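Where a number appears in this text, it was derived from the coordinates with a stated rule and is not lab data. None of these values were measured; they are calculated from a predicted model. Every residue, glycine as well, gets a Cβ built from its backbone with ideal geometry; the counts of neighbours run over all protein chains shown.
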Ligand code: NAD
C-alpha cells in the first residue's frame, strides 16, 4: 500500500516522540512491503517563532493532502501570556474544525507489566481496556458564549443537534461491535435538556445494534464507576465537555501520560493521531520523553486511516514486548534503571522488524 503521512512535530518533546513513531511506521513499511511517504510541517509555537501563526496555511494544506497526520504536541511557556491573541494551542482547534474531526478516540489499556505504576490498586485496574469516544467539534466548547459589559456575568451554551449525536454514537457502536460488544453512553439527562436529546438519539441509534450490551450513566456517577469498576467498561461515548474530564480521569488508570495514544477522526479525509500528553517543556531535549504514546498513536493511524489491522496489532504487540522485556523510560521506571527516548523507540523498531 502507498500512503502519505503529514508529520507535525510541534513544540517541546513533540519532535522527539514523533521521530520515534515515524521510525516505527517506516519499520512496518519495510516489514510488510508498504510504501509510506512522510512530509514534515511547522505547527504551534515552532510555527509562531517563524512568524507564521500557530497553524500555517501550508501545514493545513499538507494535512488535507495526507492519508494521516502525526502531531507531536503544541504549547510552550514562551507563549503562555493569557492576554495574547495568538497561542500555540489554537492549532489544535484549527485542525479539528478545518478537517471536521468530530470524534476523539482515546483507548486506555492497563498493561499487565505496569499495573503497579499508577496510583490505584493493581487488583482494581488489572485487565482494564476502555475505548473512550468523545464528541469533539460540538457542545459547550463550540456554543455561543459571552460576558456582560460589567464583567459580572457570563454564559456558555451547550447545544447538540440530532445529526451530531447520531454520527458519534454510531461510530462508538461500530467500535464496540468490533471489540467486546459493550457500549456506555454518558450524559447529564437528569438536569440538562441537551443531554435528554443526547440520550433519546443515542437510544435510537443503539436500537440498530441488537447485539450490543448498552448502558447509560450520568457523568457524576461515571466518575465514580470509573474508579470502582474500570474493568466493566468497553466503549464509552460522551459529549465534548464530559469526555474532556472523564478521559483525563481515566488516564490515571494507565499509570503514565507517556503511554496514552489518541485519534481524531472525521466523516472522511485524514485522521489526526497524537499522544494524549502535552509538550512537556520540563523534560524537552533531554532524551527523557516516553515515546510509546506517540508510537501507539501511529498504530491507531495504521488501523483507522489505512485499515492495516495486522500492522497496527504488530506495533501494539511490539510495545507490549519491550515492556515485558523490562525496558522503561524514566516516567514508568519507578526508580529502577531507565532507557532514553531513542533507545525505547529503537527497541520497538527492532521488535516490529522481527515480527
Ligand atoms: P504535559 O502533558 O506536557 O506534562 C505533564 C507532566 O507529564 C510533565 O511533568 C511531563 O514531564 C510529563 N510527561 C508528559 N508527557 C510525557 C512523556 N511522553 N514522557 C514522560 N513524561 C511525560 O502537560 P502540561 O505540563 O500541563 O503542559 C505543557 C504544555 O503542553 C502546555 O503548553 C500545554 O498547553 C501543552 N499541552 C498540549 C497538548 C497537545 O498538544 N495536545 C495537550 C496537553 C497540554
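Residues in region 92-114 that are part of a strand (DSSP E or B) and within 15 Å of the ligand (Cβ to nearest atom): 104, 105, 106.
In the set 3, 15, 29, only one residue is in contact with a strand residue (DSSP E or B) (Cβ under 8 Å, 6 or more places away or on another chain) and without any contact (Cβ under 8 Å) to a residue 12 or more places away in the chain; that residue is 29. Give all pairs with beta carbons closer than 9 Å in which a residue from region 79-106 that is more than 21 Å from residue 11 (Cα to Cα) meets a residue that is part of a loop (DSSP other than H, G, I, E, B) and within 10 Å of the ligand (Cβ to nearest atom); count only pairs at least 6 apart in sequence or on separate chains. Note: pairs meeting the criteria are 106/260; 106/276. A Cβ distance below 7 Å, combined with a sequence gap of six or more or placement on separate chains, defines the contacts here; from region 248-266, residues that are without any contact (Cβ under 8 Å) to a residue 40 or more places away in the chain reach residues that are crowded, with 20+ Cβ neighbours inside 10 Å in the pairs 249/226.
Which members of region 211-226 meet the condition of being touching a residue at least 12 places away in the same chain (Cβ under 8 Å), more than 20 Å from residue 177 (Cα to Cα) and surrounded by 15 or more Cβ atoms within 10 Å (Cβ to Cβ)?
218, 219, 222, 223, 226
For region 157-174, what are the residues that are touching a strand residue (DSSP E or B) at 6+ places or on another chain (Cβ under 9 Å) and surrounded by fewer than 14 Cβ atoms within 10 Å (Cβ to Cβ)? Once the filter is applied, which keeps residues that are touching a strand residue (DSSP E or B) at 6+ places or on another chain (Cβ under 9 Å) and surrounded by fewer than 14 Cβ atoms within 10 Å (Cβ to Cβ), region 157-174 yields only 157.
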